[in-house]
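Some notes on the structure that comes next.
The values are calculated or read from the model by the stated rules, or taken from the named source; none is laboratory data. Source: prediction; values computed, not measured. Every residue, glycine among them, receives a Cβ derived from its backbone with ideal geometry; neighbour counts consider all protein chains shown. In case anyone asks, the SASA skips ligands and DNA or RNA and just uses the protein heavy atoms, side chains included. Shrake-Rupley method; radii C 1.70, N 1.55, O 1.52, S 1.80 Å.
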Amino acid sequence: MANPLRTLLELPEQEKSERGLEHTPREIWQQPDTWGMTYKLCAARSAEINDVLRQAGIGRGSISSPTVYLVGAGTSDYTGRALAPMMRARWGCDVWPLPSTTLLTVFDVYHRGGREYFWISFSRSGESPEGVALLDRALQRCPQIRHLVITCNPQGAMAQICARHPERSFALILDDAVNDRGLAMTSSFSNMLLAGQCVANLDDLKEFGDTVKRLSEAGKQFLPGAAEAASEVTTADFNRACFVGSGVLRAVADECSLKVVELSAGKVTTLPETPLGLRHGPMSSVDDQTVFVAFLSSEARRRGYELDLLREIDRKRLGKVRLAVTAGEGADVSQLVDYCLPLDVPSDFPDLHRPVLDVMLGQLIGLFASMRCGLKPDQPSPGGTITRVVQPIKLYS
């Protein structure tokens, strides 16, 4: 079978425009090639980033290090969720993902006098109303908080705010190629996440470069098979998708769920969960109209729980079609699912590095589901219910 994603990329330009396929397929496909570019950008600015981290107190040890908040909304929040465990392990301090949509309303709850805080904010456009308001407010009212903003837009308000406050904030601006033009964030998600991983591994950035090369190679290998599976799955009659994962792969489940909802304009409802959490009620929604996707951990203990869940789902005959993504060959799972999608990495490849790979399956399911629903993936919300940049909000002091 021809690679269905490649088929979309090779359509005539006029047809792409008419069908809303100018950007989203390309932005999904280009991701493995862009990760090396983001790594090189971070390496080129490593001295500046290192200064930001040291001034914020990163590296002083667990007792005197600041509390780190990873701030963003929607996909940008899931970027922080997928990154927090790596930063926590690398830096030996408290690192917590905190949605800007929460922080804006209960700011004081998460900040105590006499303590140091370091914010790392993620925003594709740098125009998220909550992100802009929070950054501006924190710089004006809380001089003790230092900021690193990872964004894809040099003209965005958040980048401009950082430029006005260089003593306490720094904007790491990624290449324009990953500033997605489609509504759904794809390249921007994986590249902001990879930039965050570079920041986490700044002390061993050269060694981490070898990991980025492996991710890029594995991504190129993974995309054709994942696209074929996603295309086939979305021809089935389904109206729900369930994504499960443990640890950082739960953040992948969150992001995949959002991608499918966004790109299908809500015509496909979604549920993200952990394998154990699914058994506490949500499993009741995994019916014969559900596509079930499991991101399987490389860590043996987590994987045990995940395989037990797959056995239970198989025994109860739940789900219309079941897919699993796994590092290595996946011999222990292939009989439990309809599609076993192996990543071309060792079976013990760390989960912490995997989100940029696994998430592409959810992006592809969203893309092909959008087309099945008769929508234009670049602009899947014809009534304007959601937009590429969230509309401004009224701010309350």
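Of the helices (runs of 4 or more DSSP H) lying entirely inside segment 55-164, those containing at least 2 residues that are in contact (Cβ under 8 Å) with a residue 12 or more places away in the chain and either of a type in the set (V, I, T) or over 27 Å from E255 (Cα atoms) (or both) span 75-91, 129-141, 157-164.
Conditions (1) touching a helix residue (DSSP H, G or I) at 6+ places or on another chain (Cβ under 8 Å); (2) part of a loop (DSSP other than H, G, I, E, B); (3) over 30 Å from W96 (Cα atoms), marked per residue:
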site	(1), (2), (3)
F222	yes, no, yes
A227	yes, no, yes
A236	no, yes, yes
L258	yes, no, no
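Filter segment 165-179 down to the residues that are assigned to a loop (DSSP other than H, G, I, E, B) and surrounded by fewer than 24 Cβ atoms within 10 Å (Cβ to Cβ) and list them by number. H165, P166, E167, R168, D175, N179 - these are the residues of segment 165-179 that are assigned to a loop (DSSP other than H, G, I, E, B) and surrounded by fewer than 24 Cβ atoms within 10 Å (Cβ to Cβ). Considering segment 281-332, the residues that are among the charged types (D, E, K, R) and in a loop (DSSP other than H, G, I, E, B) include one that is least open to solvent (accessible area, probe 1.4 Å), namely D287.
Residue-wise test of (1) among the acidic types (D, E); (2) in a loop (DSSP other than H, G, I, E, B); (3) without any contact (Cβ under 8 Å) to a residue 60 or more places away in the chain; (4) open to solvent by 10 Å² or more (accessible area, probe 1.4 Å).
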site: D348; (1), (2), (3), (4): yes, yes, yes, yes
site: L352; (1), (2), (3), (4): no, no, no, yes
site: L364; (1), (2), (3), (4): no, no, no, no
site: A369; (1), (2), (3), (4): no, no, no, no
site: D378; (1), (2), (3), (4): yes, yes, no, no
site: P382; (1), (2), (3), (4): no, yes, no, yes
site: V389; (1), (2), (3), (4): no, yes, no, yes
site: P392; (1), (2), (3), (4): no, yes, no, yes
site: L395; (1), (2), (3), (4): no, yes, no, yes
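Residue count for segment 104-133, restricted to those that are of a type in the set (A, V, I, L, M, F, W, C) and modelled with pLDDT of 95 or more: 4.
Per the listing L205, L249, L194, the residue uniquely more than 14 Å from the chain's Cα centre (by Cα) and touching a residue at least 40 places away in the same chain (Cβ under 8 Å) is L205.
All conditions but one from (1) open to solvent by 10 Å² or more (accessible area, probe 1.4 Å); (2) over 17 Å from the mean Cα position of the chain (by Cα) apply to G57; the one that does not is (1). Of the residues screened, G209 is one that is open to solvent by less than 20 Å² (accessible area, probe 1.4 Å), part of a helix (DSSP H, G or I) and modelled with pLDDT of 95 or more. The sole residue among D358, D344 that is in contact (Cβ under 8 Å) with a residue 60 or more places away in the chain and either within 12 Å of L183 (Cα to Cα) or open to solvent by less than 50 Å² (accessible area, probe 1.4 Å) (or both) is D358. From the list V109, V132, the lone residue that is among the hydrophobic types (A, V, I, L, M, F, W, C) and more than 22 Å from I173 (Cβ to Cβ) is V109.
Tell me, yes or no, whether segment 104-113 has at least one residue that is surrounded by 19 or more Cβ atoms within 10 Å (Cβ to Cβ), under 24 Å from the mean Cα position of the chain (by Cα) and farther than 25 Å from S64 by Cβ. Yes, segment 104-113 has at least one match. If only residues of segment 263-280 that are part of a helix (DSSP H, G or I) and more than 16 Å from A230 (Cα to Cα) are counted, the one that is nearest to the chain's Cα centre (by Cα) is P275. In segment 137-150, which residue that is under 11 Å from F170 (Cβ atoms) and touching a helix residue (DSSP H, G or I) at 6+ places or on another chain (Cβ under 6 Å) is most open to solvent (accessible area, probe 1.4 Å)? Across segment 137-150, the extreme among qualifying residues is R146.
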